[in-house]
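Here's the structure we're looking at; comments come further down.
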Amino acid sequence: MEAAETENMMALTQALVLDQPEAAFEPFAGGVAVFAGPGSPMTHAVGIGMQRRVPDAELERMEAFFRDRNTACIVDLCPLADASVMGFIQNRPYRAVEFNNVLARRISADEEIPIDSNVRPIEPDEVDRFARLILRGFSESMPFSEEMVKTMAATLGP
């Protein structure tokens, strides 16, 4: 799941760069750090420490990635990440702000999944509306700006 999220964040950032040239991502510690603008919900690191012990120097480079862009170093840390990452975080002035759980199940090759005829790609004239809908779904603790709507819209379509 973490590897899929890492790949997804890199793909979204590549799409975003077309509209927002300062957007960037860089692999760190088996995951990725993403910058999509200050305050963007996409600006954070994911998948860190899932493959191995992570040296402090690598995590310090990740901190610099965010610091060089004048934004907070936010890490979505999986509970199964190597303990070296948590040790690093505990020795820095970080704090936990939320916990996320992802539920998944295997789908067998012969399983029939009903097709919903209401599911379709969004149309170009719907991009702004869907960008706002997505941001509203993640904004329980903070409002979103028009810049964030523009950023999200850039990742949704042509």
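The values are calculated or read from the model by the stated rules, or taken from the named source; none is laboratory data. This is a predicted model, so every value here is computed, not measured. Cβ placement follows ideal geometry from the backbone for every residue including glycine, while neighbour counts extend to all protein chains displayed. What goes into the accessible areas is simple: the full protein's heavy atoms, side chains included, and nothing from ligands, DNA or RNA. Shrake-Rupley method; radii C 1.70, N 1.55, O 1.52, S 1.80 Å.
Just from its helices, what would the mean residue ellipticity at 222 nm be for the chain, if runs of 4 or more DSSP H residues each count -39500 (n - 2.57) and the sum is divided by every residue, rounded to the nearest 500 deg cm²/dmol? Present the calculation step by step, with values, prior to reporting the outcome.
Details: 5 runs with 58 residues, N = 158.
-11500 deg cm²/dmol, from helical runs alone.
Run the simple label-point estimate for Arg69 and Val97 please: 7 Å along Cα→C-beta, distance reported in nm.
The modelled label-to-label distance comes out at 1.4 nm.
Using the Karplus curve 6.51 cos²θ - 1.76 cosθ + 1.60 with θ = phi - 60°, work out ³J(HN,Hα) for each residue of region 67-79 in order, rounded to whole Hz, and write x for Gly and Pro.
The phi angles translate into 4, 5, 10, 6, 9, 5, 8, 9, 10, 7, 9, 6, x Hz.
Which order do Thr13, Thr71 take when ranked by solvent-accessible area (1.4 Å probe, heavy atoms of all protein chains), largest first? All intermediate terms of the calculation are to be shown ahead of the outcome.
Working: Thr13 0, Thr71 30 Å².
Order by accessible area, largest first: Thr71, Thr13.
Which whole-number percentage describes the relative contact order of the chain, with Cα contacts under 8 Å and a sequence gap of 6 or more?
Values: 179 pairs, mean separation 31.1, N = 158.
Answer for the chain is 20 percent.
Starting from the 7 Å offset along Cα-to-Cβ, what nm value, one decimal, do you get for the label separation of Phe130 and Ala3?
It works out to 2.8 nm between the two label points.
Counting only residues 5 or more places away or on other chains, whose amide H sits under 5 Å from the amide H of Phe28 once H atoms are built in the peptide plane?
Sorted by chain and number, the residues that satisfy this are Ala33.
Rolling a 1.4 Å sphere over the protein heavy atoms, what is the accessible area per residue of region 14-158, to the nearest Å²?
On the way: 10000 Å² over 145 residues.
I get 69 Å² per residue for region 14-158.
Could you let me know the centre-to-centre spacing of region 67-126 and region 1-63, using Cα atoms, in angstrom?
So the two Cα centres are separated by 11 Å.
Accessible area of Asp56, 1.4 Å probe, to the nearest 10 Å²?
For Asp56, solvent-accessible area is about 80 Å².
Report the one residue of Phe138, Ala154, Thr13 whose Cα lies farthest in the direction of the positive end of the charge dipole of the chain (charges on C-beta: Lys and Arg +1, Asp and Glu -1; origin at the Cα centre).
Toward the positive end, the furthest listed residue is Phe138.
For a quick check of understanding: with a 1.4 angstrom probe and all protein chains in place, what accessible area in square angstrom does Met10 have, to the nearest ten?
That residue has around 40 Å² of solvent-accessible surface.
Averaged over all directions, how much area does the convex hull of the C-alpha atoms of region 8-53 cover when projected, in nm²?
Working: hull surface 12.5 nm².
The Cα convex hull of region 8-53, projected and averaged over all directions, gives 3.1 nm².
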